[in-house]
Structure formats: C-alpha cells, structure tokens
Amino acid sequence: MSFQDKILTMKTIIYLFLLKKVSSWLGDKIILFVLLNVFIFYSPINKKFPHFLFYIRMYIKQIIEGTIGILICFFPTFEKSKKITKEKTN
C-alpha cells in the first residue's frame, strides 16, 4: 500500500476501522458463522438472486465512497496558481 494516494489510504483506514468495530461489536464467532452459512448456501441463494455477493459488496462500497466523497468536498484544497504570460508578437 502506498501512502502517496491519499484517497486510497483513507478508504483503507476506514475499511479497517469499520471491520474492527463490527468484529468487536458482533464477535468473531458470529461473523464466522454468517460467512460459513453464506458459503454453504451460496448456490441456492445465487439461483434466486444472481450475483448477490457482488451486489452487496458494491452497495456497501458505494456508501463508504460516497461518504468519503462528501467529506472531501468539505475540506478545501489549495493549488498553486500558474501565471500565464502572454507574449506579444510583433
């Protein structure tokens, strides 16, 4: 992971923070139980709702990215302005 890209670094930190909070709140055994049930019953669920894991992952990812995008809009960014000099042609 490179710290050069600030957005990617912030997303990764938020993902890890949320994972830590959810696992401490629910407990590791419950999360493992849910993941094993999804793994076991993947085929019947996938027949009724195709690509459900992808949709759920994208739904959560879009919520997190939207929240980060809104937070970025609140903080101003400063860029050096370039002076454009016009050369007079004679």
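Some notes on this structure:
- Test: residue in the range 71-80 that is assigned to a helix (DSSP H, G or I), surrounded by 10 or more Cβ atoms within 10 Å (Cβ to Cβ), within 27 Å of the chain's Cα centre (by Cα) and at pLDDT 85 or above: no
- Any hit, the range 20-39, residues being hydrophobic (A, V, I, L, M, F, W, C), surrounded by 10 or more Cβ atoms within 10 Å (Cβ to Cβ) and closer than 28 Å to residue 75 by Cβ: yes
- Residue check for residue 9: modelled with pLDDT of 85 or more and surrounded by 11 or more Cβ atoms within 10 Å (Cβ to Cβ): no
- Qualifying positions in the range 9-56 - under 16 Å from the mean Cα position of the chain (by Cα) and outside any helix (DSSP H, G or I): none
The values are calculated or read from the model by the stated rules, or taken from the named source; none is laboratory data. Please read these numbers as outputs of a predicted model, since none were measured by experiment. Note that each Cβ is placed from the backbone with ideal geometry, even for glycine, and that neighbours are counted across all protein chains shown.
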